[in-house]
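Contents: one structure, followed by commentary.
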Amino acid sequence: MDPSTDAPPAPDGALPWLGADEIRARVTPDRAREVVHDVLAGGFDPADDPARSNTPAGSGHLLIMPTTVDGWVGIKVASVAPDNPARGLPRIQATYLLLDAETLTPRMILDGSVLTELRTPAISAVAVDQLARADARHLLILGSGPQARGHVRALAGVRAFDRIAVAGRSPDRAEATVRTLVDEGMPAVVCDLAEAGEADVIVCATSSATPLFDGSLVRDDACVVAIGSHEPDRRELDSAMMGRAQVVVEDHQTAMRECGDVVLAVDEGALSPDDLVGLAAVVRGEVPVARDRPVVFKGAGMAWQDLAVAIAAVEGARVSPSGSGP
């Protein structure tokens, strides 16, 4: 679909709506990983993404995330309400507006929450595919929410795990997550944090403000993914973990602005900004992956990832990052 010649909005001003179920039907976890990978492999520079703005609002804050990829412009507005889980509501909710880049005409509104649900595991899966050992079989998931489940599904597309261990603050939620995964045919079990010293791949998908485990216990050949925080004063990984690892990020400036795992480790002298490696450089074979120490991927989630998945949902075709069209 050519965004500049697509049919205009309805006369009454209503825009087409693409809901969560339809997006999931059009974009599988494997497909989301492919389009995110292709944007990076094709030469897109994540440093070109505008900075995410964070604005206090009501009982929480709003995140505003605009970007441009392949003839499309997209903007996600996400609300973060910390007290919502106690109300039985999601902590983060989002709406996405898609426009064509040539005329900036709004073309469609999409469920932004499901884009987050797809793109965050997708970028993690791209990272794990590049960074983890090819024979990695033991996956540890710290967290029991939608991102934890989404990461299991996405990472199963890049490694054949024969043990998927889930640890969460709430035993009931961890058990429920495991039941869901087992019903999907996954070899999932409930575990505790002690398994951090045994796993091949560790995914941290929590809202914790403090480190989840002692980073010195992690094996030298492990791959660790942390995606739970996008705030500079919160982290899931300690300086012991960050200081001994090769640290891969989506973008240097974004990591130093938003990623507490990185910012606090730098402040504590365990890590230097010059140590950070961009994931795009790894994908394009410009930087080798360390095999003598752990590798950490710290993801903050960036606007270009949402747009890549939104384009895949709308066009049903592979994203062309060159801007020349699908």
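Observations
- Distribution of pairwise C-alpha distances over the stretch 120-301, 10 Å bins, in %: 11, 43, 37, 10, 0
- Pairwise alpha-carbon distances in the stretch 122-221 exceed 19 Å for 36% of all pairs.
- 10 Å Cβ shell holding at most 15 others, DSSP loop, GluC sites (Glu not before Pro): longest site-free stretch of the chain: 1-101
- Cα centroid separation - the stretch 148-174 against the stretch 56-88, whole Å: 25 Å
- The angle between the Cα long axis of helix 29-41 and the main principal axis of the chain comes to about 80°, on a 0 to 90 degree scale.
- The stretch 63-178 - charge dipole about Cα centre, Lys and Arg +1 at Cβ, Asp and Glu -1, debye rounded to 20: 380 debye
- Annotation: Cα Rg of the stretch 211-300 relative to the compact-globule expectation 2.2 N^0.38 Å equals 0.97.
- Taking a Cβ cut-off of under 15 Å around D183, the surrounding Lys, Arg, Asp and Glu residues balance to a net charge of +1, with basic ones at +1 and acidic ones at -1.
- Tilt relative to the chain, helix 171-183 - C-alpha long axis, 0 to 90 degrees, to 10: 70 degrees
- Lys, Arg +1 and Asp, Glu -1 on Cβ, resulting dipole of the chain about Cα centre, debye, nearest 20: 520 debye
- Residues considered: D274, D111, D45. Largest GNM mean-square fluctuation over the chain, using C-alpha springs under 10 Å, is found at D274.
- Highest GNM mean-square fluctuation among P187, P56, P29, for the chain modelled with Cα contacts below 10 Å: P56.
- The stretch 120-301 - charge dipole about Cα centre, Lys and Arg +1 at Cβ, Asp and Glu -1, debye rounded to 20: 400 debye
- Label point at E286 placed 7 Å out along Cα→Cβ; residues across the stretch 100-134 whose backbone nitrogen lies under 17 Å: 127
- Sum of -39500 (n - 2.57) over DSSP H runs of 4+, divided by residues of the chain (222 nm, nearest 500): -9000 deg cm²/dmol
- Taking the longest Cα principal axis of the chain as reference, the axis of helix 303-315 is set at about 50 degrees.
- Taking the charge dipole of the stretch 120-301 about its Cα centre, with +1 at Lys and Arg Cβ atoms and -1 at Asp and Glu Cβ atoms, the residue from G260, G228, S144 reaching farthest to the positive side is S144.
- If you wrap the tightest convex hull around every Cα atom of the chain and split its volume per residue, you get 130 Å³.
No lab work stands behind these numbers, since they all come straight from the coordinates. Not measured: the values here are computed from a predicted model. Positions of Cβ are generated from backbone atoms using ideal geometry, with glycine treated the same way; all protein chains shown enter the neighbour counts.
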